[in-house]
Amino acid sequence: MELLEVIGNGDSFWKSILSTKMQYNSLLFFVFFLLFLCVFFLCRDGKKKQICILTGNIIFYVWAGWQPMLIVLGSGLIAFFTTLKIEKIYSRYEGEKEELSPKEQVTLFNGYKKKARKHLILAMVLLFGVWILVKLGKLLGFATVTTFAAMYEKTGVIVPLGISYYTLSTVGYILDVYWRKAAPTHNFVEFFSVMTYFPHIVQGPISKYSDLIEKFRKIPKFDFERVCFGFQLMFWGYIKKMVIADRILLYTKGVFAAPQEFAGVEIFIAVILCVVQLYADFSGCMDIVRGISQIMGIELAENFRQPFFSKSATEFWTRWHITLSAWTKEYIYLPIAMNPKFLKFTKKMKKNGKPWLSSFLKGMVPLIAVWLFTGLWHGTGLDYIVWGLYWCLLMTLSKETAFIWDKLYKKIGVDTQRRYYKLFQCVRTYFVFAIGRMFTVAGSLQGCALLWKQMFAESRLWVLSDGTFYTYGLDEKDCFVVLIGIIAMFIVDVLHEKGKRIRKTVAAQPLPVRWICYYGMIFAIVILGVYGAGYDASAFVYGAF
Amino acid sequence: MEQDMMHLHLCMVRFNKNEKEKRNMRQKVLAVCTGVNEKVDYTRTDLIDGGYIDSVTLVEIASELMDEFDIEIPYEEIMPENFNSIDAMTALVEKYV
């Protein structure tokens, strides 16, 4: 009845629709996506599909305000014309290199590269400049606004949706062209539809535009099985986000908002659960967006590969937020480590009788740069810098002390190939991540110190037996749902680790079994999803970066 | 006829010399790689793609090659295709020697 009244009152209905946030886990988005799909599949020709995607991107983006879109458009134009300019400079080299010896070609190319570098630097200063201004604005506590007028009046800051993600991808694209690892596109519609592609712009994966452009050029035809697989992946993502992550949040947000009121086991459980919460939240979002994209026939890069089965910190970062690790490796770690001036400096040091210092600097300088950047990318506070250095230290220590552990294990007879040792390594990875998460989850380093202090202040084991624990946000039923959810996530990860393709297996089952699975997923989202009174789709953790 | 034979002989000598130099260079590249990490099977042709060489080892190999042959390898050449096998690395070094 209420809904009918609202619809009857047209103005307020549209106002309420327009003021609703279009998040991946909102009903509004789902309706938008279904309407978009109807139009998308009606487009038979590849170019029409691209235009349809671009229109979808614009609607999705403009929903959060049309003025931030102007900033994205500006960034897109900078990247597009810079790559064209660089290509033009290199084409002159291609014309002149004929009949030159390889060595002369290298010298000639270096001259042109120097010319291209000026355009590259200008573009990077502009793109990173906007991003740094936004980050600084957030650090200084300016209000987030959506119009330029409000920015001047309220001294607020416009935060374009997904700025941290598209800035990295855009800079990576220009660098690829500069290093001649990719050819630029000459079609701005194609470039801008890839840049603002709505499944990846909000929180990644941080795509390589050159790869994605190729996929946009070859969008396949409608395929029923692919569409079904895409929806299944989407629904699994919704379960992870709305049933598991959002439910755990009911407990953890209370603990981390006022750690002084909790102690011992209450804090310990919150720390353990916040890791699952983050994993379910972020990987859930990745499943949703990869599912959306798969339905359209465009495969997005994988961002998670069973991270908690990692045996070391180094391995963990090849399985967690893979696209960010790959970006920092390709555009920060390797360029610094391979910089000729840096290599000359370390070589000189080696010759001067300091081989240890030379090798230490060679390993540490690029690694520190990577982790400082990763820390600052996640947040601008001191807590994120310490978090970055924590991972840097861990990776260095695990590499430099590996031989000591090997010797020790041999001496005391520990077989590192046995299953129990591998299990120990996985549990260790989990706790290493949880400790790292404690630096940032409480909002500041003081908050982190308070968490540690409260954890050892008293045990409070009694809250688990007298029912007090169930009054902190998760009642008995919620705890049961969380437990089942964690077990389900664990089983899925084990199967993926073993190389099993779950969706293929489900698809091979008889019709009733398949539909029980599909309905089970839909009902799980509808019935067990965390909505609450006046439900407003809760934001994704990584959407805030 | 005699001139042609002479020319052919010179070509053969030059070819053999080049081949010998190439083989020597390959040996040197292999020695550099083994010096960095002897546990890797360098007969493979998917050293990077197969994950047998990680980024730290890759950096060490590239910087040792630069030291050994006194060359500068620009960053754009640091890509899997150039480090997937000893032959690919040798070809890369030859380009800058």
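Give A:TYR430, A:TYR333, A:TYR421, A:TYR384 a once-over and let me know the one that is exposed (fewer than 15 other Cβ atoms within 10 Å of the Cβ) and not assigned by TED's automatic domain parsing to the domain that holds A:PHE128. Testing whether each residue is exposed (fewer than 15 other Cβ atoms within 10 Å of the Cβ) and not assigned by TED's automatic domain parsing to the domain that holds A:PHE128 leaves just A:TYR421. The set of residues in segment A:50-67 being over 16 Å from A:TYR209 (Cα atoms) and under 21 Å from the mean Cα position of the chain (by Cα) consists of A:PHE60, A:TYR61, A:ALA64. Just one of the numbered conditions (1) assigned to a loop (DSSP other than H, G, I, E, B); (2) modelled with pLDDT of 85 or more; (3) within 28 Å of A:ASP176 (Cα to Cα) is not true of B:GLU72: (2). For segment A:415-422, the condition of being in contact (Cβ under 8 Å) with a residue 40 or more places away in the chain and in contact with a helix residue (DSSP H, G or I) (Cβ under 7 Å, 6 or more places away or on another chain) holds for none of the residues. Exactly one residue among A:ASP383, A:ASP415, A:ASP406 is part of a helix (DSSP H, G or I), more than 25 Å from A:LEU120 (Cα to Cα) and over 33 Å from the mean Cα position of the chain (by Cα), and that residue is A:ASP406. When A:GLN203 is tested against (1) among the polar types (S, T, N, Q); (2) closer than 25 Å to A:PRO335 by Cβ; (3) crowded, with 21+ Cβ neighbours inside 10 Å, just one condition goes unmet, and that condition is (2). Within segment B:76-85, being buried (at least 19 other Cβ atoms within 10 Å of the Cβ) and either within 11 Å of chain A (Cβ to nearest Cβ) or within 15 Å of B:GLU21 (Cα to Cα) (or both) holds for one residue alone: B:ILE78. Counting only helices (runs of 4 or more DSSP H) that sit completely within segment A:137-233, those holding 3 or more residues that are within 19 Å of the chain's Cα centre (by Cα) and hydroxyl-bearing (Ser, Thr, Tyr) correspond to A:163-178.
Restricting the search to segment A:31-50, which residues are exposed (fewer than 15 other Cβ atoms within 10 Å of the Cβ) and either in a helix (DSSP H, G or I) or of a type in the set (Lys, Arg) (or both)? Answer for segment A:31-50, where residues must be exposed (fewer than 15 other Cβ atoms within 10 Å of the Cβ) and either in a helix (DSSP H, G or I) or of a type in the set (Lys, Arg) (or both): A:VAL31, A:LEU34, A:LEU35, A:CYS38, A:VAL39, A:LEU42, A:ARG44, A:GLY46, A:LYS47, A:LYS48.
Can B:ASP49 be described as away from chain A (no Cβ under 11 Å), exposed (fewer than 15 other Cβ atoms within 10 Å of the Cβ) and of a type outside the set (S, T, N, Q)? Yes: the conditions hold for B:ASP49.
Between B:MET66, B:MET25, the distinction of being within 14 Å of chain A (Cβ to nearest Cβ) and outside any loop (DSSP other than H, G, I, E, B) belongs to B:MET66 only.
A:TRP63 is checked against (1) surrounded by 13 or more Cβ atoms within 10 Å (Cβ to Cβ); (2) without any contact (Cβ under 8 Å) to a residue 40 or more places away in the chain; (3) under 29 Å from A:ILE132 (Cα atoms) and fails just one. What number does that condition carry? It is condition (2) that A:TRP63 fails.
Quick grid of which residues meet (1) crowded, with 23+ Cβ neighbours inside 10 Å; (2) in a helix (DSSP H, G or I):
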residue: A:ALA245; (1), (2): yes, yes
residue: A:LEU249; (1), (2): no, yes
residue: A:GLY254; (1), (2): no, yes
residue: A:ALA263; (1), (2): no, no
residue: A:ILE269; (1), (2): no, yes
residue: A:ILE272; (1), (2): no, yes
residue: A:GLN277; (1), (2): yes, yes
residue: A:VAL289; (1), (2): yes, yes
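I'd like to know if segment A:106-123 contains one or more residues that are within 18 Å of the chain's Cα centre (by Cα), buried (at least 16 other Cβ atoms within 10 Å of the Cβ) and in contact (Cβ under 8 Å) with a residue 12 or more places away in the chain.
no
Here A:TRP356 meets each of (1) surrounded by fewer than 18 Cβ atoms within 10 Å (Cβ to Cβ); (2) within 14 Å of chain B (Cβ to nearest Cβ); (3) not β-branched (Val, Ile, Thr) with one exception, condition (2).
Among the residues of segment A:90-103, the ones that are at pLDDT 80 or above and within 14 Å of chain B (Cβ to nearest Cβ) come to 2 in all.
The values are calculated or read from the model by the stated rules, or taken from the named source; none is laboratory data. Keep in mind that what you see is a predicted model, and the values were worked out from it rather than measured. We place every Cβ from the backbone using ideal geometry, glycine too, and count neighbours over all the protein chains shown.
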